[in-house]
Amino acid sequence: MSRSHVMSRSHTIEHWDPEDTAQWESGGRRTAMRNLYWSVFAEHVGFSVWTLFAVMVLFMPQDVYGLDAPDKFLVSAVVTLTGAFLRIPYTLATATFGGRNWTMFSAFVLLVPALGMLWIMANPGQPLWAYLVTGALAGLGGANFASSMTNINAFFPQRQKGWALGLNAGGGNLGVATIQVVGLLVIAAAGNRSPHWVIGVYLVLLVVAGVGAGCAGPGGDRRQAGYRLAV
């Protein structure tokens, strides 16, 4: 059975060698590009959720939510610290659980902090620890960078890794700016008392990212190289 036939009949790639020109031209490039697209999208949304608290403070007057400037800086620091620290295990997660599986998980798990932030915004006056826990969970979005880069690195041949990884990293990092623009647009259109619209947008995008990754994005098994890939 040819390698291209194995790839066309299964969602599992049993033999993946991007340096094999025949495999690459007979379907490997199409598979790699599909995974790249969904990886960029999932990472982009993840970075936006990572930055969610920094945008929500625009909707948090101190007299309503009870957070002063030091409190807001503390929560922001926890968000960043969590995202940075978890990049270490996230780097290993793709090889352990599979690229598709982990991309799905890393998108869906961010529904927890997004919903948590939505609840906090709808119920002002929560204790500081509630913000810290929600912020720490939002930090998972920052860790997506590590698993996404590891996964895409496995899909492309050496001659094409540079632009593929650059696109993956750049597209993901744009999520930091995008959510700030979304926040400002919401304030301009609906006023600073409508934070639920910002969070609602990203709840939908997280579901799209998770479902899209499961249908066509990064999983499968490549035991010889320590990666689990998907068609």
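The values are calculated or read from the model by the stated rules, or taken from the named source; none is laboratory data. The structure presented is a predicted model; accordingly, all values stated were derived computationally and were not measured. So basically every Cβ, Gly included, is an ideal-geometry build from the backbone, and we count neighbours across all protein chains shown.
Worth a mention:
- Test result for Val64, crowded, with 19+ Cβ neighbours inside 10 Å and either farther than 18 Å from Pro113 by Cβ or touching a residue at least 40 places away in the same chain (Cβ under 8 Å) (or both): no
- Flag for Ala69 being over 21 Å from Gly166 (Cβ atoms), aliphatic (A, V, I, L, M) and modelled with pLDDT under 85: no
- Residue within the stretch 68-85 that is aliphatic (A, V, I, L, M) and within 16 Å of the chain's Cα centre (by Cα) present: yes
- Criterion (on the phi > 0 side of the Ramachandran plot and either modelled with pLDDT under 80 or touching a helix residue (DSSP H, G or I) at 6+ places or on another chain (Cβ under 8 Å) (or both)) met by exactly one of Gly27, Gly46: Gly27
- Test result for Leu184, modelled with pLDDT of 75 or more and more than 20 Å from the chain's Cα centre (by Cα): yes
- Residue in the stretch 100-122 that is touching a strand residue (DSSP E or B) at 6+ places or on another chain (Cβ under 7 Å), in contact (Cβ under 8 Å) with a residue 60 or more places away in the chain and closer than 27 Å to Ala164 by Cα present: yes
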